[in-house]
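The values are calculated or read from the model by the stated rules, or taken from the named source; none is laboratory data. Bear in mind the structure is a predicted one, so any value in this text is a computation, not a measurement. No Cβ is skipped: glycine too gets one built from the backbone with ideal geometry, and neighbour counts run over all protein chains shown.
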Amino acid sequence: MNDAAPAPAPAPRRVRVRAPELIGKGGWLNTGGTELTLADLRGKIVVADFWTFCCINCLHVLDELRELEEKHRDTVVIVGVHSPKFVHEAEHQAVVDAVERYGVEHPVLDDPELATWKQYAVRAWPTLVVIDPEGYVVAQHAGEGHAHAIERLVEELEAEHAAKGTLRRGDGPYVAPEPEPTSLRFPGKALLLPSGNFLVSDTTRHQLVELAADGESVVRRIGSGARGFVDGSAESAAFSEPQGLALLEDGSVVVADTVNHALRRLDPASGEVTTLAGTGRQWMQGEPASGPAREVSLSSPWDVAWWNGKVWIAMAGVHQLWAYDPAGGTSQASGTGGGTVAVTAGTTNEGLVDGPGGEAWFAQPSGLAATPERLWVADSETSALRWVDPDGAVHTAVGTGLFDFGHRDGAAEQALLQHPLGVTALPDGSVAVSDTYNHALRRYDPASGEVTTLATDLREPSDAVLAGDDIVVVESARHRLTRLRLPEEAVRVEAVAHRTQRTATEVAPGTLRLDVIFHAPAGQKLDTRYGPSTRLLVSSTPPELLRAGEGAGTDLSRDLELDPAVPEGVLHVSAMAASCDDDPAGEYPACHVHQQDWGVPVRLTEAGADRLPLVLAGLDG
């Protein structure tokens with residue numbers, strides 16, 4: 001008889017790749033001034049989150065990681081690696097602002113030159129890399145929706161490294177910054193009430209604030225100030241990073257409660273808050289996109305506007321426009337009211353494509369303004385101003401695509417914006433654009449087709465409202481409303497044009513093998529019960545770059561034919577894979593959708609690569 005303890009189960013075999021050092025010219029935030037290295041984090045499970053603050057998918061991941069961060073606080077250190085797309089995002093103060101704005105409660109490395117991005121061979125925002133307590137990369141996931149897989153991996157790593165004696169428990173390196181005593185904190189949108197007061201979404205403090213007609217004096221606050229999803233009185237109701245506001249014909253206000261993925265209703269007279277639409281969960285691919293408003297999930301609604309008898313929704317999280325119809329039926333789930341929601345434009349693919357609503361592409365629509373003839377849209381990730389006509393067709397006034405931006409006035413086809421978040425209809429039929437990352441207020445005149453600059457030296461303007469002869473701008477990063485007189489003539493500014501600063505991948509002309517790498521997370525398998533569980537969509541800018549290989553298919557590998565006559569461009573790749581829990585005992589296994597869009601700048605050279613690998617999920621297991 002042997003009384004010795006049984007041998008521990010063998011640790012799961014994983015690919016072991018030494019993690020490169022975390023370096024960034026901008027330094028560290030949320031560490032109390034300490035400069036961290038991987039050696040400082042040895043013994044902890046590190047999740048490196050490569051993000052940029054313009055990206056809605058990155059913001060989704062921040063929210064997905066909150067539960068993991070709290071549950072495994074003594075073993076897991078999440079490190080944000082801020083890797084900018086836009087020029088403005090490379091400014092250190094802008095990163096400082098974003099970390100506070102979105103409630104990031106872990107260390108963040110400001111990497112304006114993409115040094116760590118390149119070392120880890122990252123190709124997409126967001127990307128999550130898991131590093132074990134001994135400093136080895138053990139998993140990489142592109143896109144959102146991977147928190148469940150990372151949670152399972154973390155539990156395995158905790159057990160494995162506790163047994164080996166290489167797990168170090170205890171507090172992490174996060175140091176909370178001191179709160180700032182301002183009346184507003186990163187306000188998002190504003191609304192002029194019939195009383196002449198302003199209602200402002202005080203986004204970072206999870207409240208609505210009513211200001212007097214002077215735009216400064218606080219009349220009242222609506223919401224407890226704690227992040228949550230609670231209906232009730234002005235004192236007890238709770239929001240989560242509210243943004244857009246729209247006044248309805250009955251005097252009530254619709255609120256885009258962004259991180260709660262919901263539309264809320266405020267009764268200004270009583271201060272009572274109720275829920276109009278959304279389940280509180282984020283909409284995912286495969287779920288219903290129409291139906292009773294309280295039974296259909298939404299995805300990061302960023303702005304709302306009353307147009308043609310419906311509340312139109314800038315559904316930033318899925319690159320679409322939806323509409324809430326208050327007269328559309330009765331919600332069986334809520335039992336307290338009617339209303340339906342439905343998609344009105346967009347395919348969920350990210351890009352700039354005009355045409356009928358069902359065929360158009362958007363990229364994070366974030367601002368809406370209604371006139372009788374048009375619904376104007378600030379399409380932030382394409383740095384574009386667009387509109388929807390009464391027939392539902394989508395058109396572009398200013399903007400060319402995901403990778404061209406800047407500050408340039410002139411004819412609309414030549415003008416450039418940089419990540420605008422707001423649009424405001426003006427009395428003469430023109431529109432003012434809150435050109436957020438250019439810190440400017442711009443004007444587009446449909447009659448002349450010209451773009452001019454109305455004001456500069458605004459700090460991240462995110463919305464504007466008319467008040468008499470003035471326009472009142474939400475200066476989000478200055479935490480205030482700023483009143484301007486609309487000038488007779490535009491302010492002249494020097495033209496600047498930019499392209500996204502990511503280094504182009506050198507590829508050989510001719511045949512390029514595209515491989516999207518996907519390994520189902522541990523304990524899951526591809527879901528093939530109803531046919532293929534994967535999808536691949538490929539296109540290019542300019543279209544002439546691809547001689548063959550564009551379009552949709554179910555195979556995650558494809559041969560692309562590149563035209564040698566086109567020296568450079570961008571490959572647009574969208575991939576999806578569905579996996580389900582591989583548990584024979586489970587009659588109804590939980591299923592998960594993994595999806596990511598890439599825009600890969602490429603340069604054709606004879607010595608370039610003939611294969612382009614893109615990781616959707618890999619190395620785990």
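Here are some notes:
- If you go through segment 65-104 and keep only what is surrounded by fewer than 20 Cβ atoms within 10 Å (Cβ to Cβ) and in contact with a strand residue (DSSP E or B) (Cβ under 7 Å, 6 or more places away or on another chain), you end up with L68, E69, H92, V96.
- Restricted to segment 476-506, and to residues there that are within 26 Å of F50 (Cα to Cα) and not in a loop (DSSP other than H, G, I, E, B), the residue that is modelled with the lowest pLDDT is R499.
- For segment 549-570, the tally of residues that are of a type in the set (A, V, I, L, M, F, W, C), within 21 Å of F403 (Cα to Cα) and touching a strand residue (DSSP E or B) at 6+ places or on another chain (Cβ under 6 Å) stands at 2.
- In segment 345-385, residue farthest from the chain's Cα centre (by Cα) [restricted to those that are polar (S, T, N, Q) and either farther than 24 Å from L191 by Cβ or buried (at least 22 other Cβ atoms within 10 Å of the Cβ) (or both)]: T347
- Each residue in segment 147-171 was checked for being in contact with an Asp or Glu (Cβ under 8 Å, 6 or more places away or on another chain) and part of a loop (DSSP other than H, G, I, E, B), and 5 of them qualify.
- Qualifying residue in segment 123-137 (condition: touching a Lys or Arg at 6+ places or on another chain (Cβ under 6 Å), surrounded by fewer than 23 Cβ atoms within 10 Å (Cβ to Cβ) and farther than 30 Å from G165 by Cβ): no
- Selected residue [touching a helix residue (DSSP H, G or I) at 6+ places or on another chain (Cβ under 6 Å) and touching a residue at least 24 places away in the same chain (Cβ under 8 Å)] from V81, V99, V47: V81
- Every pair of residues 6+ apart whose Cβ atoms lie under 8 Å, when the first sits in segment 495-506 and is of a type in the set (D, E) while the second is assigned to a loop (DSSP other than H, G, I, E, B) and at pLDDT 75 or above: E506/T605; E506/A607; E506/G608
- If you go through segment 521-557 and keep only what is surrounded by fewer than 14 Cβ atoms within 10 Å (Cβ to Cβ), at pLDDT below 90 and among the hydrophobic types (A, V, I, L, M, F, W, C), you end up with just A552.
Okay, residues lined up against (1) of a type in the set (S, T, N, Q); (2) assigned by TED's automatic domain parsing to the domain that holds Q243:
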site: E160; (1), (2): no, no
site: G165; (1), (2): no, no
site: D171; (1), (2): no, no
site: F198; (1), (2): no, yes
site: R205; (1), (2): no, yes
site: V209; (1), (2): no, yes
site: G215; (1), (2): no, yes
site: S224; (1), (2): yes, yes
site: G228; (1), (2): no, yes
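- Every residue from segment 214-255 that is part of a loop (DSSP other than H, G, I, E, B), closer than 24 Å to W306 by Cα and touching a residue at least 24 places away in the same chain (Cβ under 8 Å): G215, G223, F229, D231, A234, A237, F239, S240, E241, L248, E249, G251
- Flag for D559 being in contact (Cβ under 8 Å) with a residue 24 or more places away in the chain, out of contact with any Phe, Trp or Tyr (no Cβ under 9 Å at 6 or more places or on another chain) and in a strand (DSSP E or B): yes
- Where a residue in segment 276-291 is on the phi > 0 side of the Ramachandran plot and its partner, wherever it lies, is at pLDDT 95 or above and of a type in the set (S, T, Y), with Cβ under 7 Å and at least six apart: G278/S297; G291/T340
- Some residue of segment 8-23 being at pLDDT 95 or above, under 25 Å from the mean Cα position of the chain (by Cα) and outside the structural domain of G599 (by TED's automatic domain parsing): yes
- Odd one out for G569, checked against (1) under 22 Å from E606 (Cα atoms); (2) assigned to a strand (DSSP E or B); (3) at pLDDT 90 or above: (3)
Okay, residues lined up against (1) in contact with a helix residue (DSSP H, G or I) (Cβ under 7 Å, 6 or more places away or on another chain); (2) within 25 Å of W322 (Cα to Cα); (3) not aromatic (F, W, Y):
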{"position": "A212", "(1), (2), (3)": "no, no, yes"}
{"position": "E216", "(1), (2), (3)": "no, no, yes"}
{"position": "G225", "(1), (2), (3)": "yes, no, yes"}
{"position": "F229", "(1), (2), (3)": "yes, yes, no"}
{"position": "G232", "(1), (2), (3)": "no, no, yes"}
{"position": "S240", "(1), (2), (3)": "yes, yes, yes"}
{"position": "G244", "(1), (2), (3)": "no, yes, yes"}
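- Number of residues in segment 436-460 that are at pLDDT 95 or above, part of a loop (DSSP other than H, G, I, E, B) and of a type in the set (A, V, I, L, M, F, W, C): the value is 1.
- Of all residues in segment 79-101, those satisfying the criterion of being in contact with a Leu (Cβ under 6 Å, 6 or more places away or on another chain) and not in a helix (DSSP H, G or I) are V81, S83.
- Among the candidates V473, V433, residue that is farther than 21 Å from A213 by Cα and part of a strand (DSSP E or B): V433
- Segment 408-429, residues that are in a loop (DSSP other than H, G, I, E, B) and crowded, with 17+ Cβ neighbours inside 10 Å: D409, A412, A415, L417, Q418, H419, P420, L421, L426
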